[in-house]
Amino acid sequence: MCLSRLSLLLTACALTALAIPAKAQDAPIIVDPSMTQPPVATPVPQNEAPGPGNILPPLVIPAEPAVAEPAEPVAAPIPAVWAPVPVDAAGQSAYGLYLSGLLASLRGDYTEGSDLLAQSQSLVPEQPRVGFDAFRAGLMAGDLDTIVRISPALRNEPALADAGRLAGAVDALQRGDARSALAILESGDFDEAFAMAARFLRAPVAAAANDWDAALRPVSLAPSDPATLILLHQHARLLESRRRYAEAEAAFQTLLEVPIATQLFARDYADFLKRRGRDAEALAYYQQVLDAVSPEGSGTSTEARNLVRTRPPAAPTPTELAAQGLRFAASFLGSNPEARSQVVVYLRMAENLHPDDEIALYLGQALAAGTQQADARVAFARIGPESPVRYAEAQVGMGVSYARENRPAEALAAFEQARAVSPGEPQIIRLLTAQLNDLGRHEEALAAIDDPSANAARAHPDIREIRGLTLQELGRIEEAEAELWAALQAAPDNPSLLNSLGYMWVDTGRRVEQGAEMLARAHAAEPTNGNIQDSLGWAQFRQGQYDIAVETLEGAVNKEPANAEIVDHLGDAYWQVGRRREAEWQWNRVLTLDPDAERRAEVEQKLANGLSVAPPVSAGQS
């Protein structure tokens with residue numbers, strides 16, 4: 001593979017966006033199950049509007065069995081049809097607003113979805129399904145007003161009751177009512193899904209409520225409980241806020257005995273030392289932090305000295321520590337796709353308490369990892385160039401988000417912004433160059449890599465790889481081979497490098513059998529990678545092993561069904577084993593997959609005249 005491999009380096013895929021209806025449509029409100037029963041998704045009959053269980057992805061909120069409560073008076077039955085239909089001041093019906101909100105949420109725009117669903121719920125507050133969906137969208141959008149308003153109506157929903165309690169505590173703290181927030185947190189145990197977030201909120205909220213006995217309860221590190229690292233970090237910072245500096249330092253020192261805690265909190269300890277006027281000690285920790293994120297060590301000494309010369313940030317307030325606690329709760333969930341919704345919920349709550357660049361960055365990354373690209377870019381855009389490192393990361397996220405939506409010009413502009421503030425960062429150079437290559441601007445891509453600002457990064461295997469692929473696109477095969485070979489010597493087991501050089505050797509006929517062996521190693525290392533499997537199948541094809549090539553390429557197409565090059569290769573293999581109709585079907589598919597002009601012309605020629613293949617190439621040919 002050639003250009004498609006360069007595109008792969010963007011780690012992007014195309015997404016299809018659904019449009020929100022321009023205007024809500026009138027329809028009767030549908031009767032839903034009793035509020036004492038959690039909504040259950042049911043199949044949607046044809047010609048019927050989709051129901052909420054079919055549209056919104058479920059939050060990852062494990063539910064415990066509901067605790068039996070005293071029976072309540074039976075509510076009056078909900079009418080099957082309203083007459084007249086409930087409408088707002090603008091004439092929009094409750095059901096139209098409801099459907100529009102569901103569709104906005106499906107598209108990933110939970111901000112608009114929450115607003116529309118909240119409007120619908122305010123018109124028909126007795127409808128449990130509307131309240132359920134408005135609540136969930138409100139969680140994803142961080143709309144505390146909606147969540148708190150609807151929570152009482154959902155107190156019997158086990159899946160959402162503790163989410164409502166947590167949101168209520170955050171809302172109370174945000175409004176300055178820390179005592180009410182603390183009362184909510186201490187009103188009972190939280191469901192497992194929210195227990196860690198509540199745990200990280202208790203000490204800061206107690207401090208905000210001026211309950212220092214509760215805020216400064218002793219914390220002991222427990223190897224079996226990583227959450228104690230966060231609790232001890234909070235403890236040290238709260239001790240500092242009470243001017244109990246010796247105890248705060250002792251807590252920091254205990255914390256930094258743990259290697260992972262050193263990575264996380266050494267900067268905070270350096271700031272603490274700087275605030276205490278201990279610049280020499282602070283310098284050593286600033287240097288340690290900078291060296292950890294810049295292994296090459298370029299310019300870190302100067303940057304560390306600059307940090308010592310500048311005023312450190314003030315010690316965080318209890319509300320800021322609460323926001324950090326929610327961010328840490330999100331980080332504990334990791335990159336598990338099934339927990340992405342809960343990560344977004346925590347980060348939205350954290351932003352409500354104290355928006356900062358770090359929370360905005362993590363929120364943008366969590367949103368972009370799902371389907372919420374527009375909301376992700378809104379979060380990234382909140383990070384300004386005043387913080388160059390965070391700004392560069394945000395612009396990288398912005399660029400990858402645009403690339404996922406097949407908006408290459410905007411992706412390129414974002415990568416260029418990132419490079420402007422961080423010119424030597426290998427990841428940024430790789431993404432920028434891959435995007436230029438994807439746009440066919442190979443000379444500019446090569447110039448970006450060869451710019452003096454990239455000198456330190458040029459020896460990095462990833463940069464050598466993309467430089468080699470760029471030279472290959474420019475027809476400078478000897479130079480491309482040398483660059484890829486040098487990269488492979490630095491990282492001999494790297495599947496991507498094995499694939500890039502192996503495919504070039506196979507496709508050009510320079511060293512087909514050697515290339516095929518490299519591609520077999522790459523495929524063994526990454527058997528789920530459809531592009532590498534395609535390269536291996538093409539090597540088998542080039543060696544005349546057509547039957548096995550068909551099997552390999554069928555597997556590659558199953559993994560990458562929308563890749564025009566892989567589908568084209570499978571068509572060629574079918575032709576060679578006599579499956580002509582299937583070959584023509586695959587070639588016709590290629591034309592629907594937006595191939596480049598050269599591939600389109602080649603496929604149209606094959607459809608008109610069939611495939612003419614040269615004899616298999618052996619290792620001795622070049």
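The values are calculated or read from the model by the stated rules, or taken from the named source; none is laboratory data. Just so we're clear, the structure is a prediction, and the values are computed from it rather than from any experiment. Here the Cβ positions follow ideal geometry from the backbone for every residue, glycine too, while neighbour counts run over all protein chains shown. Heads up: the accessible areas ignore ligands, DNA and RNA and are worked out on the full protein's heavy atoms, side chains in. Shrake-Rupley method; radii C 1.70, N 1.55, O 1.52, S 1.80 Å.
Here are some notes:
- Whichever residue in the stretch 261-278 is in contact with a helix residue (DSSP H, G or I) (Cβ under 7 Å, 6 or more places away or on another chain) and surrounded by fewer than 16 Cβ atoms within 10 Å (Cβ to Cβ) and, among such residues, is modelled with the highest pLDDT: Arg276
- Condition check for Arg377: part of a helix (DSSP H, G or I), closer than 30 Å to Leu173 by Cα and open to solvent by 10 Å² or more (accessible area, probe 1.4 Å): yes
- Some residue of the stretch 325-334 being surrounded by fewer than 18 Cβ atoms within 10 Å (Cβ to Cβ), under 20 Å from Tyr362 (Cα atoms) and modelled with pLDDT under 85: yes
- Inside the stretch 348-372, residues that are over 13 Å from the mean Cα position of the chain (by Cα) and surrounded by 21 or more Cβ atoms within 10 Å (Cβ to Cβ) make up a count of 5.
- Any hit, the stretch 180-192, residues being under 18 Å from Ala323 (Cα atoms), polar (S, T, N, Q) and open to solvent by less than 50 Å² (accessible area, probe 1.4 Å): yes
- Here Ser122 passes the criteria (1) within 27 Å of the chain's Cα centre (by Cα); (2) open to solvent by 10 Å² or more (accessible area, probe 1.4 Å); (3) closer than 30 Å to Leu182 by Cα; (4) at pLDDT 85 or above except the one numbered (1).
- Condition check for Thr254: closer than 30 Å to Phe135 by Cβ and either free of Cβ contacts under 8 Å to residues at least 40 places away in the same chain or open to solvent by 40 Å² or more (accessible area, probe 1.4 Å) (or both): no
- Residue selected from the stretch 322-363 under the condition of a type in the set (Phe, Trp, Tyr) and touching a residue at least 60 places away in the same chain (Cβ under 8 Å), by the criterion nearest to Leu173 (Cα to Cα): Tyr346
- Meets criteria (open to solvent by 10 Å² or more (accessible area, probe 1.4 Å), among the small types (Gly, Ala, Ser) and either farther than 20 Å from Gln373 by Cβ or in contact (Cβ under 8 Å) with a residue 60 or more places away in the chain (or both)) for Gly131: no
- Any hit, the stretch 410-422, residues being open to solvent by less than 50 Å² (accessible area, probe 1.4 Å), under 13 Å from the mean Cα position of the chain (by Cα) and hydrophobic (A, V, I, L, M, F, W, C): no
- Only residues that are within 11 Å of Val421 (Cα to Cα) and part of a helix (DSSP H, G or I) were counted in the stretch 380-409, giving 7.
- On inspection, Gln287 qualifies as part of a helix (DSSP H, G or I) and open to solvent by less than 60 Å² (accessible area, probe 1.4 Å).
- The stretch 186-230, subset on the phi < 0 side of the Ramachandran plot and of a type in the set (S, T, N, Q), residue modelled with the lowest pLDDT: Ser224
- Taken over the stretch 212-236, the criterion of being open to solvent by less than 20 Å² (accessible area, probe 1.4 Å) and either touching a residue at least 60 places away in the same chain (Cβ under 8 Å) or out of contact with any Lys or Arg (no Cβ under 9 Å at 6 or more places or on another chain) (or both) is satisfied by Ala215, Ala227, Thr228, Ile230, Leu232, His233, Gln234, Ala236.
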